[in-house]
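Before any comments, here is the structure.
Throughout, read-outs are computed from the coordinates displayed, never taken from laboratory work. Predicted model, so just to flag it, every value in this text is computed and none were measured. Cβ placement follows ideal geometry from the backbone for every residue including glycine, while neighbour counts extend to all protein chains displayed.
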Amino acid sequence: MTKITGATKVAGVVGHPVAHTLSPTLHNAWLAAAGIDGVYVPFNVFPEHFASFINGLRGGSLSGLNVTVPFKTVALTLADEVSERARLAQAANVLVFGPEGTVFADNTDGLGLLAAFAIQAPGFDPAAAPVAILGAGGAARGAAAAFLSAGATDIRIINRTVARAREIAADLGPTVSAHGLDQAGRAFAGVGALINATSAGLSGSGSLDVPIAATPATCVVMDMVYKPLLTPFLAQARALGRPTVDGLEMLIGQAIPAFRAFFGQAPPDGIDVRALAIQALGL
Ligand code: ATR
């Protein structure tokens, strides 16, 4: 346990609920290994008190916060300054408190997504082939914005409620198209990546029934859900021989730039936070 002093820098994660989060495991392992006088703690805040919680932190009593479900959209509206990538995603997963009382909102989920592909599917080129994204919530919107910034020229948003997919396509421009879930097979033709950004597959929720076999044999299949680590969706992709990328690598990928924003330096090398997270997941 880190020794707490009067000068300890405090950061954390805010959500509701928040007990399931792996972020404290990652950040505190890095803090300890780097010998930083800092600590990272969870905050379970009831939605009706979220705005007063954030506003009460203005002035820098915390250096920053990760933001998770269900606050990623509202967090953006409370910030004084919003990064371009958070604006495009219409969601913030990072808030940084400035000493003057300001709140800066950022989104590092897209960086995490691209980092996960770079690590687990190193030959993948986001600009080489169309990208299919399942879902049309904040996670899907962020993924589309990230692939757009990485040079993708054909992004297909596939959602049960096609109107929500159309909204994202209208916001992000002509390289993004909208498709119904019943048209998934057709939309999978020729894709280089298929990403599950729906909440289906989360422990206890329904699974997703899409024809993964309609993707090319080389298509990289990714699931943002990391609990379970091997979701039914990823298991199906593996059974078909598709290369896969998991949501835990994305979680680690978003945490690295967040740590830098909170503690002013990059996480130390040589800490296997993935192994620690897998241990914390009880796997
Ligand atoms: P977030 O902002 O975290 O992405 P969200 O806005 O609740 O979360 O979006 C969840 C996404 O998962 C939606 O795209 C939802 O589809 P609808 O827009 O049609 O509701 C999708 N989703 C959830 N469960 C699903 C299921 N069993 N099958 C297909 N899509 C599902």
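Here is how the numbers come out for the structure above:
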read-out	value
10 °C / 1.306 mPa s Stokes-Einstein diffusion coefficient of the chain, Kirkwood radius on C-alpha pairs, µm²/s	82
Backbone N within segment 162-188 under 13 Å of label point (7 Å from Asp209 Cα along the Cβ vector)	182
Sum of side-chain charges, Val103 neighbourhood, beta-carbon under 13 Å (Lys, Arg +1; Asp, Glu -1)	-3
Sites Thr73 and Glu100 - FRET efficiency at Förster radius 22 Å, r taken between beta-carbons, to 0.05	0.30
Distance between segment 35-53 and segment 122-195 - C-alpha centres, whole angstrom	33
Chain lengthening between Glu84 and Asp37 when straightened (0.36 nm per residue, less Cα-Cα)	13.8 nm
In segment 1-85, trypsin sites (Lys or Arg not before Pro) in a DSSP loop with at most 11 other beta-carbon atoms within 10 Å	Lys3
Projected label distance in nm at Ala7 and Ala118, using a 7 Å step from Cα toward the beta-carbon	3.3
Rounded FRET efficiency, nearest 0.05, which uses the C-beta distance separating Thr153 from Leu240 and R0 of 30 Å	0.70
